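Below: the structure, in structure tokens.
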Amino acid sequence: CLPLHHFLLIFIRNKLRFYLEKSIVNYLTPPSTTLTNDLKKFGFEPVKCLHHFIEFSKLKKVPKEKNLILYVGALAKNKGVEYLIKAMPFILKEIPDAKLRVIGDGPEMEGLNKLSNDSIEFAGRIPHEKVIEEYQRASVFVMPSVWMENSPFVLYECLIASLPVVASNRGGIPDLVVDDFNGFLVKPADPEKIAEKTVFLLKDVDVRKRFSENCQKLLKEKFSAEIYTAKLLHLY
């Protein structure tokens with residue numbers, strides 16, 4: 001789909017970059033299993049997956065808002081927010097008082113507003129400390145990405161906030177959302193599946209509680225600073 005001169009420029013640039021990386025870099029530490037496997041497939045060695053870590057000082061208590069669904073991120077085509085918006089009518093059929101709060105900004109804002117109804121609030125960009133509070137207010141976080149996410153930081157923040165997730169089964173997302181453990185994985189660009197799993201979580205308090213507890217387990221077992229530094233020191 002690119003003009004020939006543009007394609008050749010990218011092709012040559014990438015070939016040169018790959019050559020230099022293979023020749024100069026001693027060790028590659030991608031933060032997701034998917035990217036690790038892709039790098040190996042294209043001849044990059046040695047490669048070792050090294051997930052990010054996250055730590056926060058103790059979170060202050062924020063009351064939950066009933067049936068609140070949360071999205072945090074860019075409002076861009078690759079993030080698939082339109083499929084979450086399209087899932088809302090299906091969700092409202094089952095849970096009439098469900099609300100979706102969208103935090104973030106981007107080129108798709110105007111188009112997404114046209115798709116929306118009264119149950120959807122666009123909060124725009126807000127300070128990070130307020131975003132952390134929104135994780136705690138929500139019942140479910142939805143990440144409907146259609147592209148190959150690498151290791152999205154918002155999912156680390158969901159772990160910190162013990163927030164169950166419904167997310168696309170793409171890229172590095174399954175490293176952070178283990179299906180039926182701390183959330184559900186769904187096929188990308190499928191509003192009905194997003195709705196089905198979101199409704200299930202909103203209706204089942206016990207499953208939400210179990211998933212919330214499992215967020216903390218996953219955090220301690222895989223994504224703590226201690227684990228990260230130990231792995232990094234071992235590589236060195």
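Figures for the structure shown
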item: Degrees separating the helix 81-94 axis from the principal Cα axis of the chain, which is the longest one; result: 30 degrees
item: Cα-based Rg of region 163-236 normalised by 2.2 N^0.38 Å, two decimals; result: 1.30
item: Heavy-atom accessible surface of the chain: percent carbon and sulfur, 1.4 Å; result: 58 percent
item: Rounded tilt (10° steps) of 191-203 against the dominant C-alpha axis of the chain; result: 60 degrees
item: For MET148, solvent-accessible area (1.4 Å; no DNA, RNA or ligand), Å²; result: 90 Å²
item: Charge tally in the Cβ shell below 14 Å around ILE126, where Lys, Arg are +1 and Asp, Glu are -1, ILE126 excluded; result: -2
item: Selection from PHE11, LEU68, TYR135, by position along the positive dipole direction of the chain (Cβ); result: PHE11
item: Probe 1.4 Å, accessible area per residue of the chain, Å²; result: 56 Å²
item: Estimated distance in nm for a label pair at ALA76 and LYS58, the labels positioned 7 Å out from Cα along Cα-to-Cβ; result: 3.8 nm
item: Helix axis angle, 205-222 relative to the chain longest principal axis, alpha carbon, degrees; result: 20 degrees
item: 13 Å beta-carbon shell around VAL62, net charge (K/R +1, D/E -1); result: +2
item: Accessible area of HIS52 in the full protein assembly, 1.4 Å probe (Å², nearest 10); result: 70 Å²
item: Hydrodynamic radius (Kirkwood) for region 16-138, which is based on Cα pairs only, to one decimal in Å; result: 17.7 Å
item: For region 108-147: Kirkwood Rh in Å [reciprocal of mean 1/r, alpha carbons]; result: 12.2 Å
item: Residue-count net charge about LYS99 - beta-carbon cut-off 13 Å; Lys, Arg +1, Asp, Glu -1; result: -1
item: Rounded accessible area of ASP38 (nearest 10 Å², 1.4 Å probe); result: 60 Å²
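The values are calculated or read from the model by the stated rules, or taken from the named source; none is laboratory data. Keep in mind that what you see is a predicted model, and the values were worked out from it rather than measured. Reconstructed Cβ throughout: ideal geometry from the backbone, glycine too, with neighbour counts over all protein chains shown. Calculation scope for accessible area: heavy atoms of the full protein, side chains included, ligands and nucleic acids excluded. Shrake-Rupley method; radii C 1.70, N 1.55, O 1.52, S 1.80 Å.
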